[in-house]
């Protein structure tokens, strides 16, 4: 009698786990993926090792999923009071906190397994990545710029990629890492602007609250800084016209995002956040085209 009902219940719960991991909302995967791909292509000068490519792509999905699970576990007493998050699996009661911890542990073990496939320098950096992933959900209760920690967590795959590919983390690696951090503060401020009123009520800190009425002005300044950093990357890596054209397109997208959020309405701010991943995609296309059509030397 129980057998016919078992499969549907199992499938339903697996769907809840998928929602907890945000598999149904891949925007976070894209935002983590693009800087990782920048780094792999730059470190490999257009030809990253295939094995490393697979490991890092899997790592992006696993680490983002683990971060989401831990974040929702930590925020389980806050999410029910925020309009956008009240239907999340733990907040709604669809997934028990203990189940979430077990899922986080399982994902962490998969991440450890992936890290064992990397060289020693990358493995040491992977420890820092784990610390940043665990720290972020707690940070937003204590500091006003949690987006900076998020940026470090999302960008840490950059030095890892360089270390895995070359056994070194040169100046270029840290320049790309810094650019990824700036970008994370930009897009996650748009994201935080969606929840600003709810966050003020529950006591969660964010750059949207810190920047206040000058939020768009500060974002514009950060966008300019990011464009400058991208230009410096091009100069440091001896990239050509295709790359600089991608920066020009990225600048146009940034202006569009400011326009989307011009009224500071939640829908517009959320659209600006979601659209940000196209910046990462455009820059990556510029890097790929640069190495694809780069004149042969000698």
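Each reported figure results from applying straightforward, stated rules to the coordinates on display, with no laboratory input. Note that the coordinates shown come from a computational prediction; the quantities given were computed from them, not determined experimentally. Cβ atoms come from the backbone with ideal geometry, glycine included; neighbour counts cover every protein chain shown.
Hey, what's the per residue convex hull volume over the C-alpha atoms of the range 168-276, in cubic angstrom?
Hull volume normalised by residue count: 103 Å³.
Starting from 0 in steps of 10 Å, tell me what percent of the Cα-Cα pairs of the range 234-298 lands in each bin.
Taking every Cα pair in the range 234-298, the percentages come to 22, 39, 23, 13, 3, 1.
As a footprinting exposure proxy, order 77, 294, 205, 140 by other Cβ within 10 Å, with the fewest listed first.
So the residues, fewest neighbours to most, are 77, 294, 205, 140.
If one takes the longest principal axis of the Cα atoms in the chain, at what angle in degrees, from 0 to 90 and to the nearest 10, does the Cα axis of helix 97-115 lie?
Rounded to the nearest ten degrees, it is 30.
On a 0 to 90 degree scale, rounded to 10, what angle separates helix 3-20 from the longest Cα axis of the chain?
50
In Å, the Kirkwood hydrodynamic radius of the range 18-292 over pairs of distinct alpha carbons?
Hydrodynamic radius (Kirkwood, Cα only) of the range 18-292 equals 19.0 Å.
Can you tell me the length gained on complete extension of the stretch residue 57 to residue 138, counting 0.36 nm per residue apart and subtracting the Cα distance?
26.5 nm
For the chain, find the longest principal axis of its Cα atoms and tell me its angle to the long axis of helix 171-194, 0 to 90°, nearest 10.
40
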